[in-house]
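The structure appears right after this line, and notes come after that.
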Amino acid sequence: MRAAEKVIITTAVTGSVHVPSQSPYLPLSAEQVADAALEAVEAGSAVVHLHARQPDGRPTFEPEVFERIVGRITARTDAVINITTGGSPAMTMEQRLAAAVRLRPELASMNMGSMNFVYSGMADRVTDWKHDWERPHVLTSYARPFINTFETIEHSLRTLGESGTRFEYECYDIGHLYSLAHFVERGLAKPPLLIQGVFGVLGGIGADHENLDHMVRIADKLFGDEYSFSAFAAGRDQMPFATHSALLGGHVRVGLEDSLWLGRGRLAESNAQQVRKIRSLVEAADRQIATPADARAMLALRGVTDTDRSTVS
């Protein structure tokens, strides 16, 4: 692993898993998502990882909604924009790629394998549903796998790579690292790699700190110093895993996509609250926080061009 001189904080602003009934603070409209991202950047986040929703909170793939989000962010900050290609399991691959194809971001997520991605247990903790779509959305995750075949991964790498987009490789298990190594060997995934270890999702690797150490050991074996590592864990394990990643010399990810909480029994009132908390933990460990310019240099990103700005003007 490339031990980073500075820690990149990524903020995953809203995601597609949590529903409005779980928290009044979850950003929903394009304006809310953009403003939440801007607050996170002001608090110290160098990268913002973006999903989009309809005003009632329903996940959406529509490029027009992403355009409103990205345009509002890039007009006010130089943060690195990372657009999801994961979307939600209910979307087709064409839908999941639509926004990234349209907007050509510097960075896009890339899920490295098909898996069971189960969050149906959330339904047991919600007693008052705000919208009719929410409960079915949560429960169907028990029956519907999250499909990411080698064919669709290759298609995504080729399609987005042509415009200069680089990737955040999301690895939910050790096998996903070997899948990534396959695409590196074929020249489709190009170093320096950004590997995002994902822990604590039912169907993927568990939120056990030994698993984090093990994932880094295997990544070291496969990729040497040609990768940077970041990690996050879902729910209550968010901050401990982010701190562990930073102590290993890696980067961190927080945000309401991954956890609605700031601490035990305390909902986070904003993404920025989580950024401020992890920033304080990282700085207490004598690590510096990366700026967007630092992140671009470490991840070999192309930077924002006039053409990029014109696509969201």
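At-a-glance table
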item: FRET efficiency, SER280 to LEU202 (Cβ-Cβ, R0 41 Å, nearest 0.05); result: 0.85
item: Pairwise Cα inverse-distance average, inverted: Kirkwood Rh of segment 60-126 (Å); result: 13.6 Å
item: Computed P(r) (all Cα pairs; segment 9-311; 20 Å bins; percent); result: 36, 61, 2
item: Computed [θ] at 222 nm, helices only, for the chain once each DSSP H run of length n ≥ 4 contributes -39500 (n - 2.57); result: -11500 deg cm²/dmol
item: Cα centroid of segment 11-43 to Cα centroid of segment 49-80, whole Å; result: 10 Å
item: Accessible surface of VAL80 - all protein chains present, 1.4 Å probe, nearest 10 Å²; result: 0 Å²
item: Kyte-Doolittle mean at least 0.0 and Cα axial length at least 18 Å: DSSP H helices in the chain; result: 30-43
item: Nonlocal amide H pairs with ILE289, under 5 Å, H built at 1.01 Å; result: VAL7
item: Nearest-10 value in Å² for the accessible area of ASP124, using the 1.4 Å probe; result: 130 Å²
item: For segment 83-122 and segment 223-245, distance of Cα centres in Å; result: 20 Å
item: Once the Cα gyration tensor of segment 179-299 is diagonalised, semi-axes √(5λ) in Å; result: 25, 17, 13
item: Charge context of ASP35, other residues only, Cβ under 12 angstrom, K/R +1, D/E -1; result: 0
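The values are calculated or read from the model by the stated rules, or taken from the named source; none is laboratory data. Nothing here was measured: the structure is a model prediction, and the numbers come from that model. Cβ: placed from backbone, ideal geometry, glycine included. Neighbour counts: every protein chain shown. Surface accessibility is based on the protein's heavy atoms, side chains included, excluding ligands, DNA and RNA. Shrake-Rupley method; radii C 1.70, N 1.55, O 1.52, S 1.80 Å.
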